Each structure stands twice: as structure tokens, then as C-alpha cells.
1. Within the range 37-58, restricting attention to residues that are free of Cβ contacts under 8 Å to residues at least 24 places away in the same chain and either acidic (Asp, Glu) or not in a helix (DSSP H, G or I) (or both), which residue is surrounded by the fewest Cβ atoms within 10 Å (Cβ to Cβ)?
2. Check VAL122, VAL162 and return the single one that is in a helix (DSSP H, G or I) and surrounded by fewer than 16 Cβ atoms within 10 Å (Cβ to Cβ).
3. Please go through the range 129-157 and give me each residue that is touching a Cys at 6+ places or on another chain (Cβ under 9 Å) and closer than 12 Å to ILE91 by Cα, ordered by number.
4. Exactly one of (1) aliphatic (A, V, I, L, M); (2) in contact (Cβ under 8 Å) with a residue 60 or more places away in the chain; (3) not in a helix (DSSP H, G or I) is unmet by LEU114. Its number?
5. Please tell me if ASP154 is of a type outside the set (Gly, Ala, Ser) and out of contact with any Leu (no Cβ under 9 Å at 6 or more places or on another chain).
6. Testing ALA128 on (1) crowded, with 17+ Cβ neighbours inside 10 Å; (2) at pLDDT below 95, one condition comes back false. Which one is that?
7. Looking for whichever is closer than 29 Å to GLU182 by Cβ, assigned to a helix (DSSP H, G or I) and modelled with pLDDT of 90 or more here; the options are VAL94, VAL71. Which one fits?
8. Go through (1) under 16 Å from the mean Cα position of the chain (by Cα); (2) under 14 Å from LEU101 (Cα atoms); (3) at pLDDT 95 or above for LEU171 and report which single condition fails.
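The values are calculated or read from the model by the stated rules, or taken from the named source; none is laboratory data. Because the structure is a prediction, the values reported are computed rather than measured. Cβ sites come from the backbone with ideal geometry, for glycine too, and all protein chains shown count toward neighbours.
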Amino acid sequence: MTAPDGRRQRRDRNRDAVVQAVLDLIREGDLEPGADAVAARAGLSARSVFRYFDDLDDLCRAAIDRQLQTVYPFLHTDVDVGADGPLAERIDAVVRQRTRLFEAMGNVGVVARLRAPFQPLVAEQLTAARRMLRERMRSTLAPELALLDPAAADTLLAAADVMCSFESFMLLRGDHGRSAEEATTVLAGGVRALLAASGVHA
């Protein structure tokens, strides 16, 4: 009885090592790690990688899922400031929640977006995360949105949501060379500017 259990434990360990190897390589900048590189990092043979996964797509999907599970606490953490708190503080809190999530995802978030059009499960995970973040933005800005007519409120929410997207954050971190803290400041300032343009001042 112990031998099958030992094999299962070894299989689980090796599978975890392969997934971790993919995540490490992606974080280091290899957005499409090959089987040889993954195997070398995991300390296994390239052939053995596919004992645990159907193909590289299956492996990358497992790695993305692992990373999403790791960062889910950021999605489910409520914004510290209540709906009746000062607007500037509410904006800073909801933007900081996002940027902490995006920084934790890093290059894995980039790979998830590249693969989403071809992997429905990844697409579904991204859609669910985006929906949750959008609703968090809506609830954070609810008092101000209620002052606007429905069309204007919908436009403002959409603009704030897109402005504070993963893509915007990564553009600031990469092309603009901003630190995570600087990017957070830029995005929060952008949301305040959108509200000011709608007649609401933080």
C-alpha cells in the first residue's frame, strides 16, 4: 500500500515542481517557456514533463491557475474606506487594491491575457476577475455616480475601470518606467481627474 502512495506523492511533487518552474521562468521574462527550459528548471527530463501535462498549453494553464489562486486574496479584500469616507481616500484605496493585485500577477498576467483567446478556462477566470474589480470600483464610487444621470455614470465608471486596468498599470511600469507606487499615484490621480471633469471633486 505504501508503494502506490509513494508514487502518488512523487508524482504530485514533480507536478508542483514543473508548475513552479513555469511560473519562475515567466516571472524572469520568458513569456513562452519551452519544455527543455521547464524541465531543466524543475530538475526533470523534458520527456517526463508530459507525464504530468497533456502539452505546453495545459501546463501554462495550470501555472496561470496557480498564480490566480495565489492572488485571489487581493480580489476578495474589501476596500478599507467605507462608502461614506472621503472620496480621495476611497479612490486611493480602490486603486491601491488593484495595483497590489496587478503587481503580484506581473508577467503571469501578461501570459494569461495572451492565452485567453485560445484557452476558454483562462478567459473565464480573467472575465470573472475583471467583473469583480469593476463592481468594486462601482461600489467605491457609488455616492458620486448617484449624482449623475445613468448614461454619464456608466461612462464614468467604464473610463475609471479601463484607466485602472492591468494593461494601464503594466504600461506605466514598463514603457513609462514608473515604480508600482508611482503607477498607483498616477492612476488614482486619473480617477480624480475623471470625477472632476464630471463635476465631482475629491
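1. Selected residue: ASP54.
2. Sole residue among the options that is in a helix (DSSP H, G or I) and surrounded by fewer than 16 Cβ atoms within 10 Å (Cβ to Cβ): VAL162.
3. Answer for the range 129-157, where residues must be touching a Cys at 6+ places or on another chain (Cβ under 9 Å) and closer than 12 Å to ILE91 by Cα: just MET137.
4. Here LEU114 clears every test but (3).
5. No.
6. Failed condition: (1).
7. Of the residues listed, the single one that is closer than 29 Å to GLU182 by Cβ, assigned to a helix (DSSP H, G or I) and modelled with pLDDT of 90 or more is VAL94.
8. Unmet for LEU171, out of (1) under 16 Å from the mean Cα position of the chain (by Cα); (2) under 14 Å from LEU101 (Cα atoms); (3) at pLDDT 95 or above: (2).
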